[in-house]
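Below is one structure, written out as structure tokens; comments come after it.
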Amino acid sequence: MLGTVIGTLNNWLYTYILVILLIAAGLYFSIRTRFVQFRLFGEAFRVLREKSHGDGVSSFQALMISTASRVGTGNIAGVSIAICLGGTGAVFWMWVVALLGSASAFVESTLAQIYKVRDGQGGSRGGPAYYIEQGLGNRKLAAAFSVFLILTYMVGFNMVASYNLVDAFSGYGFFSAKVPYVVGGVLAAVTAVCVFGGGKRLSKVTEILVPVMGGLYVLVALGMILLHIRLLPGVVASIFQNAFDFRAIFAGFTGSAMMYGIKRGLFSNEAGVGSAPNAAAAASVSHPVKQGLAQVLSVFLDTMVICSATAFLCLCSGVEPDAALKGVPYVQAALSGTFGPFGNWFITGATLLFAFTTILGNYYYCESNLQYLLRRDAKRGELTAFRLAAALIVFLGAQMDFSLVWDTADVTMGMMALINLSAILLLAKPVLLALEDYLRQKALDRDPVFRAAEIGLRGRTEFWN
């Protein structure tokens, strides 16, 4: 019964509402910012080289936290599911969602910086709950967003990450009914060690793991492409041909390449959903636009680099997509067909690291929203209980049913996206004014410094006044 209800909600959200809203919002913000994701792409790289302007995390560390959440098991299992169930054209629609969505990511992360507040440790915190309350004056809607975020990331997505890690072991001879308990227990224990260290430990762990794991994964994918380079033209042609098979799309949209590409693309890059702004608000930068630009890169790295690596790794392997292989097994079959047992073990290791960093990034978002709901810094006992609950959820996720976990995470993320997209559409003006201010100062050859009063927000932001 529960599975049927969630499945119905899931199809309704992604078939009739979010597909239109996400693409429309991305296109709207692209036009209003004059395609900031393309024209300031080089500036985004320059911003990352800057050191922290205070006691908080640096722009690069905030980028790695958000990328840790974005670059997760969805980049392996999610891409595989989209290709196996929706066809090769799903890859194209992932790209579309990312390129348009990066403008939404710029807007929501800039807003998170504008409306962030000081925490009790010399840094800052913020996110959609904070800019919904301060910018729109709607405390109830902000609290609802925080609840959905905790349900999505600490419960739904962290269960999905744990499940996908166990699924990576399913093809081995030693797999048995005990494996989910062992893997879930180890993952939960390591998660607890990291989350009990607080935000600074999380930022240091992700700062190291994310570039290393992402770089190795892309290198292996490039190796696969080079070994099967003769297949590459056909793969590219197949992606574009299937993407525009409109007869198939309109005959059954819920199972089409477009639907799977958009759905799994959203699950992977999360642009416009309201997750990454929670990390963006923690960055100590001199101007909100700087962290907005950094988050453009996060979406690019997630989809255009990591998701594309998985897609081409699989499609250039010569192993045909099959619904029976959906998820991690298809990626393992693709790699092991060329590299033998190394392929299986490499994907298992990559899934382990991706799952682990996803769990850490997701938890980082949730702690900030817990403190929003409390309207103060959480006490030690409250944080201890929350962190233990996070570790327990990771353990339980290893034992969960595949379809129910994915569909539940999709539904709660869909509710988050509806709230956040509505908010950032209503709050676009401060972002556009902040972008004008940033470009004006750059034209004068200055390092841009933000003052809220200069864009008409005197007294409406705690941090910048």
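The values are calculated or read from the model by the stated rules, or taken from the named source; none is laboratory data. Given the structure is predicted, the values throughout are model-derived calculations rather than measurements. Note that we place each Cβ from the backbone using ideal geometry, even for glycine, and neighbour counts take in every protein chain shown. Heads up: the accessible areas ignore ligands, DNA and RNA and are worked out on the full protein's heavy atoms, side chains in. Shrake-Rupley method; radii C 1.70, N 1.55, O 1.52, S 1.80 Å.
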- request: Could you please give the count of residues in the range 309-321 that are within 13 Å of MET224 (Cα to Cα) and buried (at least 19 other Cβ atoms within 10 Å of the Cβ)?
  value: 9
statement: The residue that is least open to solvent (accessible area, probe 1.4 Å), considering only those in the range 322-343 that are farther than 21 Å from LEU226 by Cβ and outside any helix (DSSP H, G or I), is GLY327
task: Mind listing just one residue for me: the one in the range 48-60 that is surrounded by 22 or more Cβ atoms within 10 Å (Cβ to Cβ) and touching a helix residue (DSSP H, G or I) at 6+ places or on another chain (Cβ under 6 Å) and, of those, modelled with the lowest pLDDT?
output: VAL57
task: Take the residues in the range 82-96 that are surrounded by fewer than 24 Cβ atoms within 10 Å (Cβ to Cβ) and of a type in the set (A, V, I, L, M, F, W, C), then tell me which one is farthest from LYS263 (Cα to Cα).
output: CYS84
task: Go through (1) open to solvent by 10 Å² or more (accessible area, probe 1.4 Å); (2) in contact (Cβ under 8 Å) with a residue 60 or more places away in the chain; (3) part of a helix (DSSP H, G or I) and name the single condition TYR172 misses.
output: (3)
task: Confirm whether VAL205 is open to solvent by less than 30 Å² (accessible area, probe 1.4 Å) and modelled with pLDDT under 80.
output: no
- line: The residue from PHE402, PHE386 that alone is at pLDDT 80 or above and either at positive phi or open to solvent by 10 Å² or more (accessible area, probe 1.4 Å) (or both) is PHE386
message: Tell me the residue from ALA434, ALA409 that is closer than 30 Å to SER162 by Cα and surrounded by 15 or more Cβ atoms within 10 Å (Cβ to Cβ), please.
response: ALA409
field: Complete set of residues in the range 258-305 that are open to solvent by less than 10 Å² (accessible area, probe 1.4 Å), of a type outside the set (A, V, I, L, M, F, W, C) and either without any contact (Cβ under 8 Å) to a residue 24 or more places away in the chain or not in a helix (DSSP H, G or I) (or both)
entry: GLU270, GLY272, GLY274, SER275, HIS287
task: Take SER368 and decide whether it is without any contact (Cβ under 8 Å) to a residue 60 or more places away in the chain and either within 18 Å of VAL117 (Cβ to Cβ) or out of contact with any Asp or Glu (no Cβ under 8 Å at 6 or more places or on another chain) (or both).
output: no
query: Does the range 402-410 include one or more residues that are under 19 Å from VAL107 (Cα atoms) and touching a residue at least 60 places away in the same chain (Cβ under 8 Å)?
result: no
statement: For ASP445, the lone unmet condition from (1) buried (at least 18 other Cβ atoms within 10 Å of the Cβ); (2) among the acidic types (Asp, Glu); (3) farther than 17 Å from GLY127 by Cβ is (1)
- request: Would you tally the residues in the range 106-123 being open to solvent by 10 Å² or more (accessible area, probe 1.4 Å) and not in a loop (DSSP other than H, G, I, E, B)?
  value: 2
- request: Tell me, please, whether a residue that is of a type in the set (D, E, K, R), touching a strand residue (DSSP E or B) at 6+ places or on another chain (Cβ under 9 Å) and open to solvent by 40 Å² or more (accessible area, probe 1.4 Å) can be found in the range 455-465.
  value: yes
message: Criterion first (surrounded by 17 or more Cβ atoms within 10 Å (Cβ to Cβ), touching a Gly at 6+ places or on another chain (Cβ under 9 Å), at pLDDT 85 or above and in a helix (DSSP H, G or I)) does ILE225 satisfy it?
response: no
Boolean, ALA248 is of a type outside the set (Ser, Thr, Tyr), open to solvent by 40 Å² or more (accessible area, probe 1.4 Å), assigned to a helix (DSSP H, G or I) and at pLDDT below 85: yes
- request: Being open to solvent by less than 10 Å² (accessible area, probe 1.4 Å), at pLDDT 80 or above and either under 18 Å from ALA77 (Cα atoms) or of a type in the set (A, V, I, L, M) (or both) narrows it down to one of ILE393, ILE359, so name that one.
  value: ILE359
query: For ALA143, are the conditions met, namely being assigned to a helix (DSSP H, G or I), open to solvent by 10 Å² or more (accessible area, probe 1.4 Å) and modelled with pLDDT of 85 or more?
result: yes
